[in-house]
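Taking it in order: structure first as structure tokens, then the write-up.
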Amino acid sequence: MKPLIVCTTLLIETSPQALPLGAACIASAIKHYEKTSGKFDVQLIAVSKEEKDFIQAEKQKKAAEYIADRICGKGIPSFALFSVYVWNRNLLEEAAKILKQRYPEILTLAGGPEVTANPSSFKNFDYTVSGAGEIAMPELISILQCCKEGDSSALSQLPQGVYTAKIEREISKANCRAFPPELNTISSPYLDGTLDPAEYGGALWELARGCPFKCSYCYESKGEKKIQYFPMERIKKELELFNQKKISQVFVLDPTYNASKKRAAELLHLIAKKAPGMFFYFEARAEFIDRELAAAFTKIPCALQFGLQSADPEILKYVNRTLDKKLFTRNIGYLNEAGAIFGFDLIFGLPKDTLEGFRKSVDFALNLYPNNLETFCLSVLPGTDLADSAEELGLEYEKSAPYHVLKTDRFSESDLKKAEKISNSCNFFYNNGRAVPWFNSVVHALHMRPVVLLEKFSKWYENSESADFFCCDHKEIEKQQIAFVKKLLNDCQKQNLTSTTESLILFNGALSRVEADGKEQTVHLSYHPDDLASPYATDIVFFAKNCRKFNCTVKCFRNKNGEIDWRVSK
């Protein structure tokens with residue numbers, strides 16, 4: 001019987017965006033590496049925090065035991081390999097400790113971003129591997145198997161990037177990373193059947209590794225400042241497999257997808273040809289967008305996400321980023337002109353930033369009509385340039401995952417809590433509320449800053465009996481949006497805009513639900529939907545004054561061509 005190797009991780013959720021790609025890549029590499037190929041029974045076991053049994057175990061404070069049980073569910077492994085991230089570090093360390101207590105003969109190995117950042121901080125794993133593990137991890141397993149078979153001298157040949165407190169000489173290598181593999185030499189966990197994207201309804205798709213930028217808060221801040229691309233032949237085969245599996249969505253893992261405009265355009269053409277109808281999510285840089293590329297993104301179903309982080313160029317300098325606001329605004333304008341779907345990321349708690357600085361960033365971002373605005377508290381990740389300079393920059397932060405900033409010399413604890421409330425309000429009211437078609441129209445009609453509206457909503461909603469910022473049911477959120485906006489209009493003595501605004505919210509809400517799940521929606525409106533869909537509706541004051549009311553019932557649906565349409569029945 002072949003020795004058993006279990007590659008495992010804990011997923012933050014059950015979704016295509018959270019499938020176990022890292023662990024699968026290592027499992028695939030072990031299957032194909034010349035020294036380990038055919039010699040082991042390799043299994044991939046992923047645990048999701050959304051599993052019913054896990055939730056029950058967590059309530060009983062036995063989550064780590066549950067993970068350990070799953071690892072041993074098909075036999076006692078010779079090696080247990082853990083893929084470690086910020087969100088699962090503590091539980092995976094505890095699970096490894098439990099495994100060793102139960103079965104001392106199991107060797108526990110760990111890799112992943114969290115290990116790469118600070119390998120010597122891990123005490124419950126026998127060995128850790130920093131950096132890309134496709135070569136180092138199989139090589140380490142080969143050596144350790146030789147030791148199990150009686151050749152202890154093999155330990156003198158541990159590969160670079162391996163750390164263990166058991167061997168004194170390895171401590172000096174704690175910050176060394178494994179030699180990165182040539183991407184044309186490593187196997188695809190999708191193509192060899194290690195990972196089935198159909199089980200998750202989608203895929204994480206690696207197109208490249210590395211980043212040309214050195215943002216100080218990122219794990220890549222100490223990585224190689226270059227990009228390696230996966231071979232186009234592999235990419236084509238994976239895309240064909242995704243289409244064959246009939247998955248609905250793909251999250252592209254390439255932090256600067258459009259760094260090469262030629263390659264970006266080529267891949268968009270390939271996707272349109274081989275995977276029509278599949279939805280793709282890209283991370284991109286706004287400074288590399290032009291009209292031609294903006295139009296190309298509209299040829300396939302997709303969304304883009306841009307890491308804005310702050311709208312203040314002076315603040316961004318402290319984290320090794322740059323921003324040309326005029327260029328950024330112009331290029332995002334190309335996306336709006338083309339009708340592309342896009343969103344932004346913002347971070348609060350950045351070095352030398354303030355609450356007012358963050359509020360201005362929210363205003364800047366929302367004024368550009370993003371489909372979503374994701375806001376996060378700064379995490380000072382171990383092993384990053386930011387962690388090295390945190391004290392000098394006046395940052396106090398959690399010393400264990402998730403490493404959130406607790407306060408800075410310009411961002412107090414109370415201000416961070418206020419920023420978090422803005423973040424929750426933005427996610428609920430704007431993102432989950434799908435408010436982009438009408439949000440700025442309402443803000444302009446009220447002569448109010450976007451961030452002020454979000455702050456007012458947060459205060460109003462927290463005082464309501466139904467307050468639940470984690471609610472994702474759009475119809476329920478829509479009720480709260482309408483009730484709140486009505487209150488604002490009444491407070492500003494603009495009750496004459498109430499019916500216009502309510503119809504605008506209801507109509508666009510119905511369209512968004514048809515877009516999301518394809519189900520027909522029926523709404524009762526005070527204006528004809530053709531008028532609400534016209535450019536005139538972007539100016540609520542003008543619209544309310546000049547547009548004739550038309551009380552009607554409207555059915556919104558997808559027509560035979562797959563387009564969203566509506567029908568009026570008065």
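Numerical summary
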| item | result |
| --- | --- |
| Enumeration of residues in region 87-122 that are part of a loop (DSSP other than H, G, I, E, B) and either open to solvent by less than 40 Å² (accessible area, probe 1.4 Å) or in contact with a Lys or Arg (Cβ under 8 Å, 6 or more places away or on another chain) (or both) | ASN88, ILE106, GLY112, PHE122 |
| Meets criteria (in contact (Cβ under 8 Å) with a residue 24 or more places away in the chain and surrounded by 21 or more Cβ atoms within 10 Å (Cβ to Cβ)) for PHE469 | no |
| Test result for LEU350, aliphatic (A, V, I, L, M) and open to solvent by 10 Å² or more (accessible area, probe 1.4 Å) | no |
| Contacts under 9 angstrom Cβ, first residue in region 380-401 being over 12 Å from GLY349 (Cβ atoms), partner open to solvent by 60 Å² or more (accessible area, probe 1.4 Å) and modelled with pLDDT of 95 or more, 6 or more apart | SER389/TYR318 |
| Counted residues, region 385-438 - those being of a type in the set (A, V, I, L, M, F, W, C) and closer than 29 Å to LEU92 by Cβ | 8 |
| Qualifying residue in region 12-29 (condition: at pLDDT 95 or above, outside any strand (DSSP E or B), open to solvent by 60 Å² or more (accessible area, probe 1.4 Å) and farther than 21 Å from ILE98 by Cβ) | no |
| Answer residue from region 74-86, given it is under 20 Å from ILE141 (Cβ atoms) and within 31 Å of the chain's Cα centre (by Cα) and is surrounded by the fewest Cβ atoms within 10 Å (Cβ to Cβ) among those | PHE79 |
| Residue among VAL319, VAL250 that alone is under 30 Å from LEU393 (Cα atoms) and open to solvent by less than 20 Å² (accessible area, probe 1.4 Å) | VAL319 |
| Selected residue (criterion: surrounded by the most Cβ atoms within 10 Å (Cβ to Cβ)) from residues of region 1-11 that are within 22 Å of TRP205 (Cα to Cα) and not hydroxyl-bearing (Ser, Thr, Tyr) | CYS7 |
| Flag for ILE55 being hydrophobic (A, V, I, L, M, F, W, C), within 19 Å of GLU114 (Cα to Cα) and either open to solvent by 20 Å² or more (accessible area, probe 1.4 Å) or at pLDDT below 95 (or both) | no |
| Of all residues making up region 123-132, the number that are open to solvent by 10 Å² or more (accessible area, probe 1.4 Å) and not charged (D, E, K, R) | 5 |
| Only one of THR500, THR522 that is outside any helix (DSSP H, G or I) and of a type outside the set (D, E, K, R) | THR522 |
| Residues being in contact with a Ser or Thr (Cβ under 8 Å, 6 or more places away or on another chain), outside any loop (DSSP other than H, G, I, E, B) and crowded, with 16+ Cβ neighbours inside 10 Å - total across region 525-570 | 10 |
| Scan of region 96-121 for residues that are without any contact (Cβ under 8 Å) to a residue 60 or more places away in the chain, out of contact with any Asp or Glu (no Cβ under 7 Å at 6 or more places or on another chain) and more than 19 Å from GLU149 (Cβ to Cβ), ordered by number | ALA96, LYS97, LEU99, LYS100, GLN101, ARG102, ALA110, VAL115, PRO119, SER120 |
| Scan of region 302-348 for residues that are assigned to a helix (DSSP H, G or I) and touching a strand residue (DSSP E or B) at 6+ places or on another chain (Cβ under 8 Å), ordered by number | LEU316, VAL319, PHE328, ILE332, LEU335 |
| Residue match in region 418-440 (condition: open to solvent by 70 Å² or more (accessible area, probe 1.4 Å) and under 30 Å from SER499 (Cβ atoms)) | yes |
| Of all residues making up region 280-301, the number that are over 22 Å from the mean Cα position of the chain (by Cα) and either within 16 Å of ARG263 (Cβ to Cβ) or part of a loop (DSSP other than H, G, I, E, B) (or both) | 5 |
| Helices (runs of 4 or more DSSP H) lying entirely in region 366-468 (those with 3 or more residues that are at pLDDT 95 or above) | 413-425, 439-446, 450-462 |
| Residues of region 427-481 classified as under 13 Å from VAL362 (Cα atoms) and touching a Cys at 6+ places or on another chain (Cβ under 8 Å), total | 1 |
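The values are calculated or read from the model by the stated rules, or taken from the named source; none is laboratory data. Small disclaimer: the values here were computed from a predicted structure and weren't measured. When we count neighbours, we look across all protein chains shown, and the Cβ atoms used for this are built from the backbone with ideal geometry, even at glycine. Accessible surface areas use protein heavy atoms only, side chains included; no ligands, DNA or RNA. Shrake-Rupley method; radii C 1.70, N 1.55, O 1.52, S 1.80 Å.
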